[in-house]
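Asker: Can you keep this structure in mind? I'll have questions shortly.
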Amino acid sequence: MNRVDVEEKVAGTEPEVAGGRNKADLIELLLALARGKKAILKVTITAALLATIVSFLLPKTYTATSTILPPQQKQSALNSMLGQIGAIAGLSGGDLGLRNPDDVFVAMLTSRTIEDNLINRFDLRKAYRVKRYQDAEKKLKQNSEVIATKEGLISISVTDRDPKRAAEIANAYVQQLYNVNQNLAITEASQRRLFYEQQIKAEQRQLSSAELALTQVQEKSGLLQPEAQARAIIGGIADLRAQVATHEVQLRTMRSYATENNPELQRAETELAGMRSELAKLEHSNAAAGNGNLAIPARQMPEAELEYLRRSREVKYHEALYEFLGKQLEAARIDEGQNAILVQVVDTAVAPESKSGPKRLLIVLVSTTAVFLVACLAVLLIEALRRKHQDPSQGPRLALLWHSLKFSSWS
């Protein structure tokens with residue numbers, strides 16, 4: 001028999017007394033409760049006593065709370081520059097995907113890395129009487145509460161049987177957060193700094209290689225500054241040749257009116273001989289590769305100069321790039337300092353003097369109320385079964401009640 005059939009049967013048997021039946025049923029319910037008041041009272045008192053005993057057997061727990069102030073969002077130097085460019089000014093702010101520091105800090109505080117560090121530091125597996133890290137992490141999550149308040153603060157509350165350990169764990173959360181911040185680049189400036197540090201190290205190695213290659217070219221060719229050096233060599237030889245020619249003219253002029261024993265003529269001849277010797281040495285040292293002919297090294301000069309210029313250009317390129325990366329690195333460091341993630345502690349957790357649990361009065365009240373309601377329901381059911389045996393006409397109504405209480409009829 002389904003619920004519809006039962007309802008039709010009940011409606012068919014008592015259509016004329018439906019209104020009066022409700023009033024009679026209410027009075028009968030009250031009378032049934034009155035008749036079973038002693039049983040209800042005994043069960044309720046017993047439950048209250050048991051709840052009181054259990055609540056006093058439960059261990060005391062203490063809650064320690066530390067409060068931190070997360071850093072406020074600041075506009076970085078990059079965002080400032082973007083804001084000054086009219087066409088892309090809208091990229092600043094939320095369009096760059098900036099996160100709320102409160103949410104980031106809460107997520108970091110509840111991360112597995114910090115939880116495992118706390119478990120190892122305070123040996124929480126032993127304290128919680130578990131063997132696996134997962135069980136200790138679950139227990140720690142249950143005993144810890146990290147919330148971002150409306151005032152912009154982050155509250156870290158830890159509940160433990162030992163008040164001292166509760167305060168130490170709450171303060172350790174803050175310390176672990178600081179340690180994680182030191183190892184993570186969670187700001188745009190920190191990420192840029194790390195990038196430029198890697199790039200400048202690689203560029204420094206390339207610059208050293210370019211400088212070494214230039215030094216090898218200089219040692220091989222003997223050129224330090226090709227253009228200036230070539231001009232100096234050729235100019236020096238030309239000047240010395242001009243001086244030799246001038247002294248030769250002066251010497252021929254003196255011989256036209258002076259004798260061989262003239263001191264001035266002898267001194268001029270000595271000077272001319274010295275100049276010729278110096279000119280020969282200079283031409284020989286700078287034209288050794290051309291068998292004494294100065295024109296050959298002059299033709300070879302562009303090749304050596306080209307190699308020198310290539311190496312010099314490579315050095316200048318890496319020097320300019322190294323200088324640029326250095327400036328960018330300094331700018332990133334300044335920006336990182338301005339937007340540094342600082343954990344500012346507003347309230348340090350202290351060992352609580354009063355317990356936070358168990359709430360014995362609440363346990364007793366809730367348990368007593370629940371048992372009282374169950375006892376009342378049991379008395380009413382017993383009374384209904386009794387009346388069923390006395391009055392067979394109550395059978396369909398009890399069946400309707402049973403079908404109404406079945407979970408399958410709730411859907």
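Every number in this text was worked out from the coordinates using simple rules, so none of it is lab data. Bear in mind that the values here come from a model prediction, so they are computed numbers and not experimental data. Neighbour counts are summed over all protein chains in view; Cβ atoms, including those assigned to glycine, are modelled from backbone coordinates with ideal geometry.
Asker: Quick one: go through region 341-378 and flag any residue whose amide nitrogen is under 16 Å from the point 7 Å out along the Cα-to-Cβ line of T149.
Answerer: Of the residues in region 341-378, 344-350 have backbone N under 16 Å from the label point off T149.
Asker: Taking neighbour counts of Cβ atoms within 10 Å as a proxy for exposure, in what order, fewest first, do K359, K38 appear? Don't jump to the answer; show the numbers that get you there.
Answerer: Numbers: K359 13, K38 8.
Placing the least packed residue first, the sequence is K38, K359.
Asker: Continuing with this model, one more query. Can you sort K139, K201 so the residue with the fewest Cβ neighbours within 10 Å comes first? Don't skip to the answer; put the middle values down first.
Answerer: Working: K139 17, K201 10.
Fewest-to-most ranking of K139, K201: K201, K139.
Asker: Right, something else. Can you tell me the length gained on complete extension of the stretch Y133 to K201, counting 0.36 nm per residue apart and subtracting the Cα distance? Show your work: numbers first, answer last.
Answerer: Working: separation 68, 0.36 × 68 = 24.48 nm, distance 4.06 nm.
Here the segment from Y133 to K201 would lengthen by 20.4 nm.
Asker: Report, in listed order, any pair from K220/K316; K126/K359; K139/K359; K60/K141 with a Cα-Cα distance greater than 24 Å.
Answerer: Correct reply: K126/K359.
Asker: Could you calculate the FRET efficiency of N120 with L361 from 1/(1 + (r/R0)^6), where r is the beta carbon distance between them and R0 is 25 Å, rounded to 0.05?
Answerer: Numbers: r = 38 Å, r/R0 = 1.52.
About 0.05, to the nearest 0.05.
Asker: Would you mind getting me the FRET efficiency between T110 and A378? Use the beta-carbon distance for r and R0 = 45 Å, nearest 0.05.
Answerer: Numbers: r = 45 Å, r/R0 = 0.99.
Between T110 and A378 the formula returns 0.50.
Asker: Using the 10 angstrom Cβ neighbour count as an exposure proxy, how do V104, V244 rank, fewest first?
Answerer: Values: V104 14, V244 17.
Going from least to most buried by this count: V104, V244.
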